[in-house]
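S.K.: Please see the structure below; I have some questions.
The values are calculated or read from the model by the stated rules, or taken from the named source; none is laboratory data. Treat the numbers as computed from the prediction; the structure is a model and nothing was measured. Note that we place each Cβ from the backbone using ideal geometry, even for glycine, and neighbour counts take in every protein chain shown.
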Amino acid sequence: MFKMLKEDVEIVFEQDPAARSYIEVILTYSGLHAIWAHRLAHGLFQRRFFFLARIISQVSRFFTGVEIHPGAKIGRRFFIDHGMGVVIGETCEIGDNVTVFQGVTLGGTGKEKGKRHPTIQDHALIATGAKVLGSITIGEYSKIGAGSVVLHDVPANSTVVGIPGKVKVQNGKRVNQDLDHCNLPDPVADRFKELEAEILKLKQEVQQLQEGKSERDDKVIQYANETKGRI
């Protein structure tokens, strides 16, 4: 247990360049506090102390702004950056070395029973404000872009952006864990560029047709004038 707690602190130094000292991280990082509270609540939940587990969960939510259901299964070296507004549902399963940013929701899509929340596999990263909903799987080393809404499975080594989320696989190579927010692919903008190119092409074709029609009209008028003179 103490080894896991130490890993929870160490991952903060790896992921957050603002972390300066152990005492600062241990006393001031709400994401870390939420994870530790969840580990306690989850242990009680597994032993069927459901009410006490929920009390701890709600007290943690009040102080940290992070709501993690005590039934959620969270692996080692889980990092919540800033944390405010993060929601993790009861049947959510999170692997090792996963990172989530503030405002992330790992939730369900309705009142269905059983497994109704996402499974996040090892080394995945979910950026600010992303919503991952339903009993779906986010593959290893995948990245969910900021503000995306993901409703379907995501293969390993993929990047997802947009609403609804669309997969962007980068040449079949593993996506780096560091998320470059400024250079995420934008499928909506890409589609607009395709439409603009298609419209430009159509305009050129219409212009060519108009020029051809104008030339034919000139020839018809010229022929008519020549014929009229002979008559």
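S.K.: Touching a residue at least 60 places away in the same chain (Cβ under 8 Å), of a type outside the set (Asp, Glu) and at negative phi: which single residue out of Arg47, Arg76, Arg54 fits that description?
M.R.: Arg76
S.K.: Turning to a different aspect of this structure: Does Phe13 satisfy the condition of being at pLDDT 90 or above and either more than 26 Å from Gly147 (Cβ to Cβ) or not β-branched (Val, Ile, Thr) (or both)? It would help to see each step written out before you state the result.
M.R.: On the way: at pLDDT 90 or above: no; either more than 26 Å from Gly147 (Cβ to Cβ) or not β-branched (Val, Ile, Thr) (or both): yes.
Spelling it out, it is not the case that Phe13 is at pLDDT 90 or above and either more than 26 Å from Gly147 (Cβ to Cβ) or not β-branched (Val, Ile, Thr) (or both).
S.K.: Which one is nearest to Gly65 (Cα to Cα) among residues in segment 79-111 that are at pLDDT 90 or above and in contact with a Phe, Trp or Tyr (Cβ under 7 Å, 6 or more places away or on another chain)?
M.R.: Thr99
S.K.: Further question on the same structure: Would you confirm whether or not segment 91-99 contains a residue that is under 15 Å from Val132 (Cβ atoms), assigned by TED's automatic domain parsing to the domain that holds Tyr141, charged (D, E, K, R) and under 21 Å from the mean Cα position of the chain (by Cα)?
M.R.: Within segment 91-99 (the criterion being under 15 Å from Val132 (Cβ atoms), assigned by TED's automatic domain parsing to the domain that holds Tyr141, charged (D, E, K, R) and under 21 Å from the mean Cα position of the chain (by Cα)), the answer is yes, since at least one residue qualifies.
S.K.: Which of the residues that make up segment 104-129 are within 15 Å of Asp153 (Cβ to Cβ) and small (Gly, Ala, Ser)?
M.R.: Ala124
S.K.: Identify the residue in segment 20-57 that is in contact with a strand residue (DSSP E or B) (Cβ under 9 Å, 6 or more places away or on another chain) and either part of a loop (DSSP other than H, G, I, E, B) or hydroxyl-bearing (Ser, Thr, Tyr) (or both) and, among all such residues, is modelled with the highest pLDDT. Reasoning before the result, please.
M.R.: Within segment 20-57, the subset in contact with a strand residue (DSSP E or B) (Cβ under 9 Å, 6 or more places away or on another chain) is 29-32, 34-35, 37-39, 41-42, 57.
After this cut, where a residue has to be either part of a loop (DSSP other than H, G, I, E, B) or hydroxyl-bearing (Ser, Thr, Tyr) (or both) as well, the list is 29-30, 57.
On the way: Tyr29: 88, Ser30: 89, Ser57: 93.
The selected residue is Ser57.
S.K.: Can you go through Gly139, Gly129, Gly114 and tell me which one is touching a residue at least 24 places away in the same chain (Cβ under 8 Å) and farther than 22 Å from Met1 by Cβ? Quick ask: steps written out before the conclusion?
M.R.: Working: Gly139 fails: touching a residue at least 24 places away in the same chain (Cβ under 8 Å); Gly114 fails: touching a residue at least 24 places away in the same chain (Cβ under 8 Å).
The match here is Gly129.
S.K.: Given the conditions (1) within 25 Å of the chain's Cα centre (by Cα); (2) not in a loop (DSSP other than H, G, I, E, B), which single one is not true for Pro17?
M.R.: Looking at each condition in turn, Pro17 falls short on (2).
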